[in-house]
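Following: one structure in structure tokens, then a few remarks.
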Amino acid sequence: MSERQALTRGIRRWLVFFIVCLVLSGLTAFPLVTELRWTAELLSAPASPVPEHFPGLMEWITRVSEGLDTIDREQPFMLYGTDWLAFAHLVIAVAFYGPYRDPVRNIWVIEFGMIACAGIIPLALICGPIRGIPFWWSLIDMSFGVFGVIPLLIVRRMIKRLEVLERTAAANPAPVPAGA
């Protein structure tokens, strides 16, 4: 396998991983009420160490679950916002098909994703306190940007190497055998 093929395969593997993570993240936003209810029940189960060792987490999950239950019961249209959040994740995941097909030409999608990952941090730091989100939860939110940018940095570096290989190949075409 040539270096170009190996780079392309590596880029595609990282992109599939990133796309799958985006899709899963998006799909989990649709059944939010049920997920939070299950999470609260699981964390408050008799065998769970969470209420004793992490009471702040337990209080927060319970508060969010109760809030979503109330919204679902009294103002279900508000949950339409989380449907759009899910949809946005799915649409952004589709955008990464461009670099999957042609990494060099579509490197801008990778860079856009890196900017979006960086944007999570100021969003969490500004909007978290405004919305009454505990700081430790904002740190969890920010971790999505920190961990999300890692595969994108790897992919960007690989695309830059692929670009150099393609440029070199274009500048030095293989000789055509005589009589061909």
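The values are calculated or read from the model by the stated rules, or taken from the named source; none is laboratory data. Quick caveat: nothing in here was measured; it's all calculated off a predicted structure. Backbone-built Cβ (ideal geometry, glycine too); neighbour counts: all protein chains shown. Accessible surface areas use protein heavy atoms only, side chains included; no ligands, DNA or RNA. Shrake-Rupley method; radii C 1.70, N 1.55, O 1.52, S 1.80 Å.
Data table
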{"read-out": "Helices (runs of 4 or more DSSP H) (entirely within the stretch 79-178) containing at least 3 residues that are modelled with pLDDT under 95 and open to solvent by 70 Å² or more (accessible area, probe 1.4 Å)", "value": "135-171"}
{"read-out": "Some residue of the stretch 11-33 being more than 22 Å from F147 (Cβ to Cβ) and among the hydroxyl-bearing types (S, T, Y)", "value": "no"}
{"read-out": "Where a residue in the stretch 6-22 is closer than 18 Å to L90 by Cα and among the β-branched types (V, I, T) and its partner, wherever it lies, is modelled with pLDDT of 95 or more and not in a helix (DSSP H, G or I), with Cβ under 7 Å and at least six apart", "value": "I19/F96"}
{"read-out": "Pairs where the first residue, in the stretch 45-67, is within 19 Å of I133 (Cβ to Cβ) and the second is among the charged types (D, E, K, R) and open to solvent by less than 50 Å² (accessible area, probe 1.4 Å), C-beta under 6 Å, 6+ apart", "value": "none"}
{"read-out": "Any chance L57 is closer than 22 Å to S143 by Cα, at pLDDT 95 or above and assigned to a helix (DSSP H, G or I)", "value": "no"}
{"read-out": "Hey, V20 loosely packed, with under 12 Cβ neighbours inside 10 Å, part of a helix (DSSP H, G or I) and not small (G, A, S) or not", "value": "yes"}
{"read-out": "Residue check, T82 touching a residue at least 12 places away in the same chain (Cβ under 8 Å) and hydroxyl-bearing (S, T, Y)", "value": "yes"}
{"read-out": "Options L68, L22: the member that is among the hydrophobic types (A, V, I, L, M, F, W, C), out of contact with any Gly (no Cβ under 8 Å at 6 or more places or on another chain) and within 30 Å of R161 (Cβ to Cβ)", "value": "L22"}
{"read-out": "Complete set of residues in the stretch 23-54 that are aliphatic (A, V, I, L, M) and either assigned to a helix (DSSP H, G or I) or loosely packed, with under 15 Cβ neighbours inside 10 Å (or both)", "value": "V23, L24, L27, L32, V33, L36, A40, L42, L43, A45, A47, V50"}
{"read-out": "Count of residues meeting criterion [farther than 29 Å from R167 by Cα and of a type in the set (K, R)] in the stretch 84-131", "value": "1"}
